[in-house]
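Trainee: This is the structure, below, for whatever I ask next.
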Amino acid sequence: MTFDRSIKIAPSILSADFANFGAECVAIEAQGADWVHVDVMDGHFVPNITFGPATCAAIRPHIKGVMDVHLMISPVDPYIEGFAKAGADIITAHVEAGPHIHRTLQAIRAAGAKAGVALNPGTHASAVEPLLDMIDLVCVMTVNPGFGGQKFIHSQVDKVRNLRTMIGDRPIHIEIDGGVDPATAPLVAAAGADVLVAGSAVFRGGSVSNPAPYGDNIRAIRSAATH
Ligand code: DX5
Ligand code: ZN
């Protein structure tokens, strides 16, 4: 399979109806989502709690494409096997989540998933340099993780540019997470990002019974990023 650096839109189900995850996943994929982004929060690494491996396993059969699991938890390692068994295609851990990100990334690949590393806004791009041969994705947080609907932090665009140069020809995705909408998407796409996570900007105005706005929102972000 060739590595695909074209723009991919990954709606975050953090903004979906929590009582309806299966139907929401079906709806966003039918409306043009490329990946489904799943935000796992523990109330310890971030000040919010979502859900764990059992919910991911329940969602999995409703997703045809890539299930992209973003772990905002600490510790990470005891739960990797559980998320891999739940069917995560990509498991992303934060470099700030513990002292042993190298070991964590090894464990993710050993569990059979693709490995991602996420950087909080206060973490420098250079944190990724020693990890380049063991990752499939870098997630640049453009908000402080924990909640949807926050304002995009513009200082992160330079970090994306740095990472793009650092990555060169390696098959590593650059994912942007937080405050992505049709106004901010072109900034990060021009800086070299290829995966755009969007929660509120995808789910606003729509629902499982009225999914057309999801499609409009996804197309608006994609077209802003590609023109
Ligand atoms: C934030 C999460 C994001 C969040 C993005 O901690 O990791 O995935 O859902 O939401 P928006 O797009 O609303 O900023
Ligand atoms: Zn996320």
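The values are calculated or read from the model by the stated rules, or taken from the named source; none is laboratory data. Worth saying up front: this structure is predicted, and the values here are computed from it rather than measured. Every residue, glycine as well, gets a Cβ built from its backbone with ideal geometry; the counts of neighbours run over all protein chains shown. Quick note on the areas: whole protein, heavy atoms, side chains included, nothing else; ligands and nucleic acids left out. Shrake-Rupley method; radii C 1.70, N 1.55, O 1.52, S 1.80 Å.
Trainee: For a quick size check, give me the Cα extents of region 129-227 along its three principal axes, largest first, whole Å.
Mentor: 46, 27, 23
Trainee: Sticking with this structure for a sec: What is the extension gain from Lys151 to Asp77, computed as 0.36 nm multiplied by their sequence separation minus the C-alpha to C-alpha distance, in nm to one decimal?
Mentor: Full extension of this stretch gives 23.6 nm more.
Trainee: How long, wide and thick is the chain, going by the Cα atoms along their three principal axes, in whole angstroms, largest first?
Mentor: Projected onto the principal axes, the Cα atoms of the chain cover 45, 39, 37 Å.
Trainee: Here's a follow-up. Suppose we look only past 19 Å in the calculated P(r) of region 86-180. What percent of the Cα-Cα pairs does that tail hold?
Mentor: 38
Trainee: Moving to a separate point now. Measuring with a 1.4 Å probe in the full set of protein chains, what accessible area per residue, in whole Å², belongs to the chain?
Mentor: With all protein chains present, the chain gives 41 Å² per residue.
Trainee: Got a number for carbon plus sulfur as a percent of the chain's accessible area, 1.4 Å probe?
Mentor: With neighbouring chains kept in place, the figure for the chain is 54 percent.
Trainee: What ranking do 21-34, 176-189, 144-157, 114-127 get when scored by the average of other Cβ atoms within 10 Å per residue, highest first?
Mentor: Put in order of decreasing packing, that is 176-189, 21-34, 114-127, 144-157.
Trainee: Same structure again: Expressed in whole Å with the largest first, what are the equivalent ellipsoid semi-axes of region 32-164 derived from the C-alpha gyration tensor as the square root of 5 times each eigenvalue?
Mentor: Calculated on Cα positions only, the semi-axes equal 22, 17, 15 Å.
Trainee: If amide H atoms are built 1.01 Å from N in the plane of the peptide, which residues on other chains or at least 5 residues away come under 5 Å of the amide H of Ile73?
Mentor: His94
Trainee: Additional query: Per DSSP H run of at least 4 residues, take -39500 (n - 2.57); add these up for the chain, divide by its residues and hand me the 222 nm value, nearest 500 deg cm²/dmol.
Mentor: About -9500 deg cm²/dmol.
Trainee: A further question follows. Which whole-number percent is the relative contact order of the chain (Cα, under 8 Å, 6+ apart)?
Mentor: Taking the mean separation of contacting Cα pairs over the length of the chain, I get 21 percent.
Trainee: Here is a follow-up. What relative contact order, as a whole-number percentage, does region 185-227 give when Cα pairs under 8 Å and 6 or more residues apart are counted?
Mentor: Relative contact order, region 185-227: 50 percent.
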